[in-house]
Amino acid sequence: MTGIRISVPDTAETGEVIEIRVLIQHPMESGFRRDNRGGLIPRDILTRFECTYSGKAVFVADFHPAIAANPLLSFNTVAAESGTLNFRWIDQNGAVWEDSAEIIVT
Amino acid sequence: MIKRAVLLVAALALAGCDGGANDEEALDRSAAPSPLRSGLSFLTEDTQALQADAFANPGHLWVDRGRNLFASAKDSSPACSLCHGDDGAQLVGASASYPAWDESSGELLNLEGRINACRQRHQSQPPLDYESEDLLALSAFVGHLSQGTEISVEVAAETQNAYDLGEDYFFTRRGQFNLSCAQCHNDNWGQQLRGDTISQGHGSGFPAYRLEWQTLGSLHRRFQDCDQGVRAEPMEMGSDIYIALEHYLAARASGLEVETPSVRR
């Protein structure tokens, strides 16, 4: 049960700049830390985030080991039309977490 | 970390030079820090803003998870929400009076213990492990229902023993550094411990998202960190002695607001 939180305005006017915020629960283990017996804790990170708006990519990000656990992203886009915003996180092994939100543009 | 503690030991040793041989006898145990200040007030503005942001505060990941667990029934047992109302409507403010005496078991229970007792009595479910994600989520959710409520824990006849035990723990020097909780959190709060500011040691924001942990953790995990910080052998999470300490601290923090889920360094 991975927690995902998404903040997208329910409605917006055409052409309005909207703020989108997403938070996902993930350890983002850097691969550089050692446990209390001296063994290396293996790397376990998300490597990619993609946001599409009505099927078109509006924001993508590559993640690296220095990003803290439970990464919070905040970005803006222009409200062009009513539609679905899709959010995808991909980890280093190709596992995918997805969520979506609807927006009504008037 | 080690250097930091050594500096503090040196500072305390100097400060203690004129205190005579019977320092511990001289401690005024009734002296709670005044005015009471939540751990929040010792944080940077950025961290305070993160806690205040009901979306971005990562502790809410556990609150969300707890809300789901609260509403979902397992096997044929009733969901928490069946008794306590949808979204825990009847538990608003409840956690502000924990740890509390439980009549039927004759034990002092903290919130985690109460949740586990409920699971066993009413849901026929095994207790959750202390510090398991599910117990953290449930205690964060129930704790967050009391956000803004003033902590009000009083010492009752039944809990006097536990209170005294907890108070003793707080004032007893321990570990290789030979420090008591009180030496930092009563006598030196507000002072710098290298880059950190020493807080008054209240548990009003727990379970809390600690930046050092990069995750949400219970107050007992925090106790263990403090014990390890003075190089003492930490007690077990959920043990009677930590619950007693929690009781002492909750009574000491009475008047502060519950902040669960808080963000702490």
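The values are calculated or read from the model by the stated rules, or taken from the named source; none is laboratory data. In this text the structure is predicted, and so the values were computed from the model without any measurement. Reconstructed Cβ throughout: ideal geometry from the backbone, glycine too, with neighbour counts over all protein chains shown. In case anyone asks, the SASA skips ligands and DNA or RNA and just uses the protein heavy atoms, side chains included. Shrake-Rupley method; radii C 1.70, N 1.55, O 1.52, S 1.80 Å.
Per-structure values
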| read-out | value |
| --- | --- |
| Residue within region A:68-89 that is assigned to a loop (DSSP other than H, G, I, E, B), open to solvent by 30 Å² or more (accessible area, probe 1.4 Å) and within 14 Å of chain B (Cβ to nearest Cβ) present | yes |
| Whichever residue in region A:22-64 is of a type in the set (S, T, N, Q) and in a loop (DSSP other than H, G, I, E, B) and, among such residues, is most open to solvent (accessible area, probe 1.4 Å) | A:Asn36 |
| Residue ID - modelled with the lowest pLDDT, chosen from residues in region B:34-63 that are within 22 Å of the chain's Cα centre (by Cα) and among the small types (Gly, Ala, Ser) | B:Ser34 |
| Within region B:151-265, helices (runs of 4 or more DSSP H) holding 1 or more residues that are of a type in the set (Gly, Ala, Ser), closer than 25 Å to B:Leu135 by Cβ and in contact with a helix residue (DSSP H, G or I) (Cβ under 6 Å, 6 or more places away or on another chain) | B:160-171, B:240-252 |
| Some residue of region B:64-75 being at pLDDT below 95 and over 13 Å from B:Leu138 (Cβ atoms) | yes |
| Of residues in region B:42-82 being away from chain A (no Cβ under 14 Å), in contact with a helix residue (DSSP H, G or I) (Cβ under 7 Å, 6 or more places away or on another chain) and in a helix (DSSP H, G or I), the one surrounded by the most Cβ atoms within 10 Å (Cβ to Cβ) | B:Cys80 |
| Filtered residue count, region A:7-43, keeping only those that are facing another protein chain (nearest Cβ under 9 Å) and either in contact with a Gly (Cβ under 8 Å, 6 or more places away or on another chain) or aliphatic (A, V, I, L, M) (or both) | 4 |
| Search result, residues across region B:150-163 that are open to solvent by 60 Å² or more (accessible area, probe 1.4 Å) and not aliphatic (A, V, I, L, M) | B:Glu150, B:Ser152, B:Glu154, B:Glu158, B:Gln160, B:Asn161 |
